[in-house]
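Any read-out appearing in this document is the output of simple, stated calculations on the displayed coordinates, not a laboratory observation. Since we're looking at a predicted model, the values are computed, not measured. In this analysis, Cβ positions are derived from the backbone assuming ideal geometry, glycine residues included, and neighbour counts consider all displayed protein chains.
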Amino acid sequence: MEVINREAKYNYFILEEIECGIVLTGTEIKAIKTGKVNLKDSYAVIRRNEVYLLNTHISEYKEGNIFNHDPRRSRKLLLHKKEILKLNDKINQEGLTLVPLKLYFKKNKVKILLGLCKGKKTYDKRETIRNRDLERETRKLNKYKY
């Protein structure tokens, strides 16, 4: 099970990727296993030397009854202190953003791939679309070539 944030590559230049763990409840794990996750508008912030993931929507687990979770609650991310301090310096000095790129399972643990990103301007986004269309056309031509 893997959830990818497709809008991140369109809206941001990804400078660095960091894998980290996430603190979840039992019903959140079960909802993730069924694929009910949306990373579209989510981002990470650093508060008091801890990293939190905000605005990620993990739908309620339908068999969860009274033990269900709030779908948009903030979730703590697990990183080493040195990594957090390094990220904090880069964010404050260069004006970068932490954006989740992918959520996946690794040895029965949920991991998040965070990207240290710089926002794209409108002309950069147009160039991305143009390059994607050119690549699609070349693949199409190569397909019919053989």
For Lys102, enumerate residues with amide H under 5 Å from its amide H, sequence gap 5+ or separate chain, H modeled in the peptide plane.
Asn5, Leu113
Choice from Lys40, Lys125, Lys86 with maximal GNM fluctuation in the chain (Cα, 10 Å cutoff):
Lys86
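How would you order 29-37, 45-53 from highest to lowest mean count of nearby Cβ atoms within 10 Å? Kindly include the intermediate steps, with their values, before the conclusion.
Working: 29-37: 16.4, 45-53: 14.7.
Descending packing order for the listed peptides: 29-37, 45-53.
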Which percent of Cα-Cα pairs in the chain sits in each 5 Å bin, short to long?
2, 9, 17, 18, 16, 13, 10, 8, 4, 3, 1, 0
With θ set to phi - 60° and the Karplus curve 6.51 cos²θ - 1.76 cosθ + 1.60, what are the ³J(HN,Hα) couplings of segment 83-96 in order, to the nearest whole Hz, using x for Gly and Pro?
5, 5, 5, 5, 5, 4, 4, 5, 5, 6, 7, 9, x, 8
Mind putting a number on the dipole of the chain about its Cα centre? Charges go on the C-beta only, +1 for Lys and Arg and -1 for Asp and Glu, and I need it in Debye to the nearest 20.
360 debye
Residues meeting the amide H criterion for Leu78 (H placed from the backbone, H to H distance under 5 Å, 5 or more places apart or on another chain) are Gly21, Ile22, Val23
Expected vector for segment 9-21, Karplus 3J(HN,Hα) from phi with 6.51, -1.76, 1.60 and θ = phi - 60°, integer Hz, x for Gly and Pro, equals 5, 7, 8, 9, 8, 8, 8, 8, 10, 10, 8, 9, x
What is the set of long-range amide H partners of Tyr12 at a cut-off below 5 Å, with H atoms built 1.01 Å from backbone N?
Lys120
Apply the Karplus parameterisation 6.51 cos²θ - 1.76 cosθ + 1.60, with θ equal to phi minus 60°, to every residue of segment 24-30 and state each ³J(HN,Hα) to the nearest whole Hz, in sequence, with x for glycine and proline.
10, 8, x, 5, 5, 4, 5
